[in-house]
C-alpha cells in the first residue's frame, strides 16, 4: 500500500473497529510513553480523549516516533511548539489504516521518508522497497508487530488464542519450570513450557497435573522451548509426546508456524529479559 504524497483515508468499516475504551493514562502506560504525548496528540486532533481505543495506542506510538524524528540536515528545537509536517501526518494515518487492514501481517513494515510513507507486508516487498530507495533516506517501523502486541482485551486484525494461565512450577524440589497455557480448539489446552534443562518425565507430569486442576477434562498439548545449548543460533521448539509405557518423544516445530498461530505473546516466553525489546529475533 503506497501513500506517496496524498493524505491517506481512514477505513470507515464499523466491523473492523478496535473496540474497548481506554483511559488516557492507561493508553500512555501501554504505549510506554508519558501521558503528555496523549495530550499533545489530542491537541493536534490525532485522537479523541473521550473515545480512546486500542487503535489509538498504535497512533500514539507512531506519533511519538515521528515527532522526535529529525532528518539529516534538519535542525529542530524540542522547546519550540510546532504543527505536523505532511510526512508525519501520512505516517500516523497509515498506522491507523494498518490497524484495520486485513492485509496487515506480523511482518508488515511502515516505511517513512521525508516525502511520504509506504506499507509492505512481506519479505519480498520489503526488499523491493529497499532496492527502490537505494541512496535515499528512510526509516522503518515494525507496524505489524506493534499492532499484534496490543493487549488481549482489545479487538485487532489479529485473533490469537486466549491465554488461560502463566505460572512457574517447582519440580523435584529445585528445578523450576515456566509455563503459559492457551485455549485453542474446544476441550484442548496448549501449554508452552521452558526450563534451564530439557523437560523430562517428572516435569511433564507436573505440568499436566497443574493444568488439569484448573481445566479438568481437557486434552493437553505440550510444546517445549528448549534451553540454548550454545551450539546453535536458533531456538529449538518441540511438541512433547508421552510414550505408551514410559518416556517422552519430541517432534521439532518451526517457530514461524507457532508465531502465526499464537502471535507475539509467545515471542519472549522462556527468554531472559533484554534491555532492548522488540528487536526481531533471527530464527
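Throughout, read-outs are computed from the coordinates displayed, never taken from laboratory work. Note that this is a predicted model, so its numbers are computed, not measured. We place every Cβ from the backbone using ideal geometry, glycine too, and count neighbours over all the protein chains shown.
The stretch between residue 26 and residue 166 holds 48.2 nm of extra length on full extension. This uses 0.36 nm per residue minus the Cα-Cα distance. From the largest down, the range 162-266 spans 40, 34, 27 angstrom on the principal axes of its Cα atoms.
Computed from label points 7 Å out along Cα-Cβ, the spacing between residue 138 and residue 68 is 2.4 nm.
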